Every structure is written in structure tokens, then in C-alpha cells.
Amino acid sequence: MTGRREGSPFSGLSTVALKEAADHMNSARIHLVMLLVLLTAIGSVYAAIGQIKATIGEDQFLFLRLFTTAQEPLPSFVSFLGFLIPLVAIALGFDAINGEYSRRTLSRVLSQPIYRDALLTGKFLGGLIVIAICLLTLWLLVTGLGIVLLGLPPSGEEIARELAFLFASFVYAGVWLAVAMAFSTLVKSPATSALCALTLWLVFTVFWPMLAPLVAGAIAPVDLLDPMTAVHQIAVQQGLSRISPNVLYGEATLALLNPATRSLGLLFPSQLSGALMGAPLPLSASLGLVWPQIAGMIAALIVLFTIAYVSFQRQEIRA
Amino acid sequence: MSAIEAPVIEATGLTKRYGRFTAVDGIDLAIGKGEVFGLLGPNGSGKTTTILLLLGLTEPSAGEIRVLGLDPLRKPLSVKRRVGYLPDQIGFYDHLSAVENLAYTARLAGLASPEAGKRIAEALERVRLSDVRDRRVSTYSRGMRQRLGLAEVLVKGSEIAILDEPTSGLDPQSTQELLDLIRELAADGVTIVLSSHLLSMMQSLCDRVALFRRGRIGLIGKVADLTADVLGGTHVVEVEASGVDLPAVLAGAPHVSAVTPLKGGRWRVDADADVRADIARRVVNASGALSEMTIRQSSLDEVYVRFFEGEDHDRAA
């Protein structure tokens, strides 16, 4: 086709986004997943508070410990989020497009004066709105719980770090929403696309951490006589594991919520000369540290959304 | 094909291929303002594809379309703003009420909410769904869904309404209700394009019909003209008589176009006028015994059957 299209590709965008967000807020599916997240979050934070109270000490960033402290058998709040955010995002997006096909609403909606762009982008934005609201609520809840039970307010820097962490969580959720929506355009049946997305989630949360060292060992075997090969293998392994958005998210939260984190990769003693061990990094340095991780997740999000976009634009309305 | 003055829908050489399969194969079509135009044909003959092409919901492989003087590919928003569409097997968001469903599409169509609210109330009143307007659409019957779909076309204030198989799967009463609504719509001056298998309904509703066969339009024109063209007559007389050779007796009779023997000493006479009196006279003059004679107007069904005689349906589907 040549020539410019008439009108804006985004007319109707806000209508679709708000309708989708409202639908999600009313759907039993999302209520269930949210309940799960809420219960685990409160549980892990409550356990963390008990732990913090028991081992009270001089810590400049006591409040951040709320998020990162784990008490057996419960994992920490952030590891829960890393595990559950994908589930929320998949629940929001797995039937975005193929659900419209199976409900036979697509041709009716697209016969309205809007472009397909508006429908797909609107659905994505609608999901993001719900995710943003949920994360914000969760964060306020945890902070409130911390203030009440610990009896001390978070400092300015702690809030700034938490907001950065919130943004990282938002981007991470966006990646998984894009995964779910890409499957919803590529696969015709909603049940199959949900299974595909959940499989990918399982691979990245459970199997990827096991697979990465194995594959790295095959690609870059260690030569006992050459110590550099060991370094090389670790670099390969880290590169491989960073394909998983879960790893990127884990590294980003680690650096943001644990200010003493100096590096997310290998560190040689020579690089640490003159450093005060355990001294926290300023916020700007921590942000600099996680920037590649965040940028990587945003890039993944854009690539996945583009896949969904292209496949949706090429689809025939008639399923 | 008679020339249509200022057609609102015009297609020339319209072609759509899906891979190696040609769904629509170079059709020419012109539909005038205010017409009720029927698309007829077996499943898979290209009716729905033609409709999607007219709406710009799928791209043609070749050919030109003008809807209200606009190209649906270049000006999709303007076309879709003025054309209402009732898809085959329409679906709604089941967890929303009728009003919420219509409000959503009205917002997508760019209607301001006070205006939309007014139009939705009017439209629901007109399709007699006002009583159940706040019930979830999941509780609606098939006929109610189709009427709700028609209400959507009304809310949009469309100049052209394209209805794909509006009555398929409906019981006779719902069908009748829907047909009455479509007639009202036509009486308001809305141009209506509808596709269907229900030939009797097309006959009573449509000004003109196009018969699709394997992606091509085999015949196009007024129902009466088509019956005359395909069957050679608009009237069918069945004659039961003995002692005469009816084809010989009726040879050269005015208006009679064909005489076909049926079983049991009966004949079928195709004619373009009521020729019963003439047949009776000729049979009696030939000393035959006329025992029964019935007449009916030939219907689109017969045109359809005759037109698709020998058609391999599996290949067409």
C-alpha cells in the first residue's frame, strides 16, 4: 500500500484501554491472581518484619530489608514478586486477541472507525494500567505495614530506591504481558496460548537457572591449565542466563534494594582495591548499575510487542 | 446489468486470493442509494469475503472498490464511520450488558456520551430490547443478539448497513421480527446489503440480488428478471391431463416458454404470464381431459437450484 493512512492510528485507543482495564478489574480471574499475590506479599513482609525485629541492628537502609529479608520457609517479598508478576501479566494478556476471535467480537469492533493498532495497543495499555495500579497498591500496603509494625518511616533515599524498584517491576510485568499478548496473536486458541505462556514462565523460573551452566559448560569448556577459560565460562553462563527476564529483574532488584551491591558480574580483587567493603553505593551509582538490565527488559518488551503487532496486522479478520 | 445512477457501492474487477485459493474472482458490482441488495450463494462462494472487502477489513488482491465514493483502504475510518456491519454469527462481550456493549462501540465510533446514550436508548427501544437492556448479554437468545447487532447499526446512524447472514440459525418468529426491522431500516432510506441462504426472504426483501458462484457473480438483477432469465418464466403451471400430448398442444402458445413432463401424467409449464385459461382451452380443444391445474409464481429457490444444478458443492465450499 502506498500513501498515508487517513486519521490517527490511535483514535479509540483510550476507549479500548479503559474498557480493557475495567474488564480486568471486574474479572474473577484477575481477582483470584491478585488475592494470591496479596496474601503471599503480606505473609513474606510479615515474616521479614519478625526477622528484622529479632536481629535489630544499625542499618542505614532498614526499611529496604522489608523487601529483601527472607525467613525460612518463606522467600522474600522480591523473590515472590519475581515469581508471581509473570503470572499476573499472563492472566491479563493470554487471551487478548484470540479471545476476541473466539467470542466473535473482533469483526464487530474492527468495523468501528478505528485501526487495528488502537485495539492491540489499547489492550496492552489496559493491561499496563491494571499492573501499575496493582503494584502501586502493593507497595503502599507493604510500606504502610512496615511503618506500623517497625515504627519508623522510610528515608527519602529508601523511597527513591523503592520507586526505582517499582519501575523495574512494572517493566518486568510489561515484558510478560507482551509475551502473553504475542502468544494470543500467534496461537488461535486461548487455552493453548495460556499454556504456551505458562510453559515459557516455567522454563525461565525453574529450568533456565539449571540449563544456563550446562550450556555454558558445553560452549566454553574450562581448561584446567588456563584460568582465563574459567572466567570465560562464567561470562558465557551469565550472558545465557540473562536471556531470561527473571534474571534481569532479579539483578535489578538486588542492586536497587541492596545498596551495598557493587557489581552484578564477576569482580576481581584488583577492582575492589580501595573500596570500603559493605559501604552502600549512592542511588545514582546503583541506577547506573541496573540500567543495562532495565534497558534489556524494555528492549525485550518492544521486540515482543512488535511480534504481536506484526502478526496481528497480517491476520485475516475471518478466523 | 442496468446502470445505477450515483452508486453508493461500486466494485470493479474485485479479486481476493488466499494463497492459491481465489475466494473472490473479479466481480463487478454497483449498488444504488436506498437499494436493498441481496448476495446469494452457497457457503464458500465469496459472499462474506466480498463484504469484508467492502468494509476494508481485508485487502483486495486486485480491483477497485468505492464505498460512498471513498476507497475503504485509503479512507478506512471515514468508510467505517458511515457503514454499519452486522457480522455473521455476531458476538458480544458476554459479561457486559446490552447498553454497555453498545456504549463501547459508540465510543469507538466517536460519539459523545450524551448523544450516544440517547441513540442507544432509541435503538434498543426500536429493536424491542429496552426491557432487558441492563441484563448481561450472556443471557440473550440468538434472536436477541441479532437484534442487538441491528441496534448497533442504528446507533451508528449508518448510511449503509451490511448484514451478513442476519437470520441464519434463527427460529421462524425471530426471523420474521428481524426481517420487519430490516424493512423498517430500508424504509428509512438506508442502503442495505445482505447475504443469505434464505431465498424466500431475499425474494420478499431485496430489490436486486446477485448470485455468487465460486467467487464470481453468476447472475445479477431484479428477482423477477432473474426468474425469467434462468427459468424462462415467472409463472409455473402444473397441469394434470390425460388424452393429450401437452407439449404438442402448447406448441406456439403465447407466453409459454417450456413444457416439462413430470411423473404421473403431469406437466410443468413455465410461462411469463398466467396462461391457465389458454392451456385449458387448448387441452379441451384437443379432446383431452383436464383433471387438475395449479399455478404459482416461480420463486428464487428454483432459480437458485437451477442455477447451481450440477454444481459440485464440496468443491465450492
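The values are calculated or read from the model by the stated rules, or taken from the named source; none is laboratory data. For clarity, every value in this text was computed on a predicted model and none was experimentally measured. Positions of Cβ are generated from backbone atoms using ideal geometry, with glycine treated the same way; all protein chains shown enter the neighbour counts.
Being modelled with pLDDT under 95 and among the β-branched types (Val, Ile, Thr) is the filter here, so list the residues in region A:153-186 that pass it.
Listed by number, the list holds a single entry, A:159.
Give region A:106-122 a look and list any residue that's part of a helix (DSSP H, G or I) and within 13 Å of chain B (Cβ to nearest Cβ), or say none.
Those that are part of a helix (DSSP H, G or I) and within 13 Å of chain B (Cβ to nearest Cβ): A:106, A:107, A:108, A:109, A:110, A:116, A:117, A:118, A:119, A:122.
Could you check residue A:261 against (1) touching a Leu at 6+ places or on another chain (Cβ under 6 Å); (2) in a helix (DSSP H, G or I) and say which number it fails?
(2)
Among residues belonging to region A:93-126 that are of a type in the set (Ser, Thr, Tyr) and without any contact (Cβ under 8 Å) to a residue 40 or more places away in the chain, point out the one that is surrounded by the most Cβ atoms within 10 Å (Cβ to Cβ).
Looking at residues that are of a type in the set (Ser, Thr, Tyr) and without any contact (Cβ under 8 Å) to a residue 40 or more places away in the chain, I get A:111.
List the number of the failed condition for residue A:102; all other conditions in (1) within 14 Å of chain B (Cβ to nearest Cβ); (2) within 28 Å of residue A:5 (Cβ to Cβ) hold.
Only one criterion is unmet by residue A:102, namely (2).
Working only within region A:187-223, note down all residues that are more than 30 Å from residue A:94 (Cβ to Cβ) and touching a helix residue (DSSP H, G or I) at 6+ places or on another chain (Cβ under 9 Å).
The initial filter retains those residues of region A:187-223 that are more than 30 Å from residue A:94 (Cβ to Cβ), namely A:213, A:216-223.
Hits for region A:187-223 are A:213, A:216, A:217, A:219, A:220, A:221, A:222, A:223.
So, of the residues in region B:44-88 that are touching a helix residue (DSSP H, G or I) at 6+ places or on another chain (Cβ under 9 Å), surrounded by 24 or more Cβ atoms within 10 Å (Cβ to Cβ) and more than 11 Å from chain A (Cβ to nearest Cβ), which turns out to be modelled with the highest pLDDT?
For region B:44-88, the residue satisfying everything is B:67.
With the condition kept exactly as written, say whether any residue in region A:61-83 is farther than 20 Å from residue A:149 by Cβ and in contact with a helix residue (DSSP H, G or I) (Cβ under 7 Å, 6 or more places away or on another chain).
Scanning region A:61-83, I find at least one residue that is farther than 20 Å from residue A:149 by Cβ and in contact with a helix residue (DSSP H, G or I) (Cβ under 7 Å, 6 or more places away or on another chain), so the answer is yes.
Please verify whether residue A:146 is touching a residue at least 12 places away in the same chain (Cβ under 8 Å), crowded, with 20+ Cβ neighbours inside 10 Å and more than 22 Å from the chain's Cα centre (by Cα), treating the condition exactly as stated.
So residue A:146 fits the description; yes.
Among the residues of region A:1-56, how many are of a type in the set (Ser, Thr, Tyr) and within 14 Å of chain B (Cβ to nearest Cβ)?
The total comes to 6.
Hey, can you tell me all the residues within region B:179-227 that are in a loop (DSSP other than H, G, I, E, B) and free of Cβ contacts under 8 Å to residues at least 60 places away in the same chain?
Correct list: B:188, B:198.
Which of the residues spanning region B:6-43 are in contact with a Lys or Arg (Cβ under 7 Å, 6 or more places away or on another chain), crowded, with 21+ Cβ neighbours inside 10 Å and modelled with pLDDT under 90?
Once the filter is applied, which keeps residues that are in contact with a Lys or Arg (Cβ under 7 Å, 6 or more places away or on another chain), crowded, with 21+ Cβ neighbours inside 10 Å and modelled with pLDDT under 90, region B:6-43 yields only B:41.
Considering only region B:89-111, state which residues are more than 8 Å from chain A (Cβ to nearest Cβ) and without any contact (Cβ under 8 Å) to a residue 24 or more places away in the chain.
Passing the criteria: B:100, B:103.
List the strands (runs of 3 or more DSSP E) inside region B:1-73, counting only whole elements, that have at least 2 residues being touching a strand residue (DSSP E or B) at 6+ places or on another chain (Cβ under 6 Å) and without any contact (Cβ under 8 Å) to a residue 60 or more places away in the chain.
Because the criterion is at least 2 residues that are touching a strand residue (DSSP E or B) at 6+ places or on another chain (Cβ under 6 Å) and without any contact (Cβ under 8 Å) to a residue 60 or more places away in the chain, the strands (runs of 3 or more DSSP E) in region B:1-73 that meet it are B:9-18, B:62-67.
Does region B:93-110 contain any residue that is assigned by TED's automatic domain parsing to the domain that holds residue B:22, under 19 Å from residue A:15 (Cβ atoms), assigned to a loop (DSSP other than H, G, I, E, B) and touching a Pro at 6+ places or on another chain (Cβ under 7 Å)?
Yes, because at least one residue in region B:93-110 is assigned by TED's automatic domain parsing to the domain that holds residue B:22, under 19 Å from residue A:15 (Cβ atoms), assigned to a loop (DSSP other than H, G, I, E, B) and touching a Pro at 6+ places or on another chain (Cβ under 7 Å).
Scanning region B:128-139 for residues that are in contact with a strand residue (DSSP E or B) (Cβ under 8 Å, 6 or more places away or on another chain) and within 14 Å of chain A (Cβ to nearest Cβ), which turns out nearest to residue A:105 (Cα to Cα)?
Initial filter on region B:128-139 (in contact with a strand residue (DSSP E or B) (Cβ under 8 Å, 6 or more places away or on another chain)): B:133-137.
With within 14 Å of chain A (Cβ to nearest Cβ) added as a condition, the list becomes B:136-137.
Values: B:136: 15, B:137: 13 Å.
Filtering region B:128-139 for residues that are in contact with a strand residue (DSSP E or B) (Cβ under 8 Å, 6 or more places away or on another chain) and within 14 Å of chain A (Cβ to nearest Cβ), the one nearest to residue A:105 (Cα to Cα) comes out as B:137.
Kindly indicate whether any position in region B:112-127 is touching a Ser or Thr at 6+ places or on another chain (Cβ under 7 Å) and within 14 Å of another protein chain (Cβ to nearest Cβ). Working first, answer last.
Step one: list which residues in region B:112-127 are touching a Ser or Thr at 6+ places or on another chain (Cβ under 7 Å), which gives B:124.
Subset that is within 14 Å of another protein chain (Cβ to nearest Cβ): none.
No, region B:112-127 contains no residue that is touching a Ser or Thr at 6+ places or on another chain (Cβ under 7 Å) and within 14 Å of another protein chain (Cβ to nearest Cβ).
When residue B:230 is evaluated against the numbered criteria (1) within 30 Å of residue B:45 (Cβ to Cβ); (2) part of a strand (DSSP E or B), which criterion, by number, is the only one it fails?
(2)
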